[in-house]
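The values are calculated or read from the model by the stated rules, or taken from the named source; none is laboratory data. Predicted model only: the values in this text are computed from it and were never measured. Heads up, the Cβs are rebuilt from the backbone with ideal geometry, glycines too, and the neighbour counts pull from every protein chain shown.
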Amino acid sequence: MNLKEIQRVIDDWIGKNGGYYSELTNLARLTEELGELARLYARREIPARDLEDVSRHKMQEEMGDIVFALCVLANQAGIDLETSVQDVLNKVKLRDADRH
Ligand SMILES: [Mg+2]
């Protein structure tokens, strides 16, 4: 599934489940998900018996949550994330053309 399809599936799902929350609420949810991923990275840096084990599966789950939340915001703003990512790739290629 490409990003355009993912955005459409998410839009369909939200449409059938009560509609979108406000953009500000969804921005907060995206931030919350980023925080959850940051927590996992922090847990990896400070291993201790009483802390949860950080598995690749948990990181994958949180990264998925982040992509989902970003797709929600993009849908609300009418942004095609495939175009966004392509623009970034073009920018990076130009910027770093002489880097290595
Ligand atoms: Mg999460």
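When the residues of region 47-100 are filtered to those that are exposed (fewer than 13 other Cβ atoms within 10 Å of the Cβ) and within 16 Å of the ligand (Cβ to nearest atom), which remaining residue is modelled with the lowest pLDDT?
Glu52
Determine whether region 9-28 contains at least one residue that is within 16 Å of the ligand (Cβ to nearest atom) and touching a Cys at 6+ places or on another chain (Cβ under 6 Å).
yes
Just need a number here: residues in region 60-80 that are touching an Asp or Glu at 6+ places or on another chain (Cβ under 8 Å) and more than 17 Å from Glu23 (Cβ to Cβ).
Of the residues in region 60-80, 2 are touching an Asp or Glu at 6+ places or on another chain (Cβ under 8 Å) and more than 17 Å from Glu23 (Cβ to Cβ).
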